[in-house]
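Just below is one structure, and these are the notes that go with it.
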């Protein structure tokens, strides 16, 4: 089974703190994604990466950055957390190409910024 | 990628078939139809996908109309564990990006 793990299920941080959310997948997938999910807004793509050290902005990249130094690990960074970044953050991975359209998601990290 | 329209909520009795509709009238020829579901407090889970033929796997069946403008996800014998939000997504897969809407909240009841 594909396994995508996220470093924390729940996280509470203060405004202005630097926050790291870590995601690891064990299926040698090329693609990795970070989404946030808010009530009434569905899932929104923040960033994705299709290879090591490669990244592309999603639909809402402002206030976030990412890092992918190894194939299995994709980190989301909030440089200076703000209260409007309180949300559920979901990581996903997939293969690249015709056979890899299905994305596999981690359990999510619920981040609260106070 | 084409936009999809789904009813916000549906109910289904346990043991009955749950039929979840999705309209995607602007779908183009190279766009697939994908279904995911999200059980409360978990990440979304892939269910099934198709291009133009009907598809079936161990979780569900996907029926796509001949003109491809709509589709139906069928859970043949719904259980309480199938209570979740179901997302219908259409996309080409070339950019590997998925656009999730707000989905259909399916409530399975005794």
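Among the residues in region B:40-49, are any modelled with pLDDT of 90 or more, more than 11 Å from chain A (Cβ to nearest Cβ) and buried (at least 20 other Cβ atoms within 10 Å of the Cβ)?
Scanning region B:40-49, I find no residue that is modelled with pLDDT of 90 or more, more than 11 Å from chain A (Cβ to nearest Cβ) and buried (at least 20 other Cβ atoms within 10 Å of the Cβ), so the answer is no.
Does region A:3-21 contain any residue that is at the interface with another protein chain (Cβ under 8 Å from one of its Cβ atoms) and modelled with pLDDT of 90 or more?
Yes.
Please specify each residue of region A:12-23 satisfying the condition of being within 14 Å of the chain's Cα centre (by Cα) and either outside any strand (DSSP E or B) or farther than 14 Å from residue A:92 by Cα (or both).
Answer for region A:12-23, where residues must be within 14 Å of the chain's Cα centre (by Cα) and either outside any strand (DSSP E or B) or farther than 14 Å from residue A:92 by Cα (or both): A:19, A:20.
Could you check residue B:30 against (1) in a loop (DSSP other than H, G, I, E, B); (2) within 12 Å of chain A (Cβ to nearest Cβ); (3) buried (at least 16 other Cβ atoms within 10 Å of the Cβ) and say which number it fails?
(3)
Quick one: which residue in A:76, A:90 is more than 7 Å from chain B (Cβ to nearest Cβ), touching a residue at least 40 places away in the same chain (Cβ under 8 Å) and in a strand (DSSP E or B)?
Just one listed residue meets the conditions, A:76.
Looking at B:68, B:37 in this structure, which one is in contact (Cβ under 8 Å) with a residue 24 or more places away in the chain and either under 10 Å from the mean Cα position of the chain (by Cα) or surrounded by fewer than 17 Cβ atoms within 10 Å (Cβ to Cβ) (or both)?
Answer to the selection: B:37.
Take region A:24-70 and flag every residue that is without any contact (Cβ under 8 Å) to a residue 40 or more places away in the chain and not in a strand (DSSP E or B).
Of everything in region A:24-70, those that are without any contact (Cβ under 8 Å) to a residue 40 or more places away in the chain and not in a strand (DSSP E or B) turn out to be A:39, A:40, A:41, A:52, A:53, A:58, A:59, A:60, A:61, A:62, A:63, A:64.
Only one of (1) in contact (Cβ under 8 Å) with a residue 24 or more places away in the chain; (2) crowded, with 17+ Cβ neighbours inside 10 Å is not met by residue B:17, so which one is it?
Only one criterion in (1) in contact (Cβ under 8 Å) with a residue 24 or more places away in the chain; (2) crowded, with 17+ Cβ neighbours inside 10 Å is unmet by residue B:17, namely (2).
For region A:32-44, name all the residues that are buried (at least 18 other Cβ atoms within 10 Å of the Cβ) and either at pLDDT below 90 or away from chain B (no Cβ under 14 Å) (or both).
Residue satisfying the conditions is A:43 alone.
The values are calculated or read from the model by the stated rules, or taken from the named source; none is laboratory data. Bear in mind the structure is a predicted one, so any value in this text is a computation, not a measurement. Note that we place each Cβ from the backbone using ideal geometry, even for glycine, and neighbour counts take in every protein chain shown.
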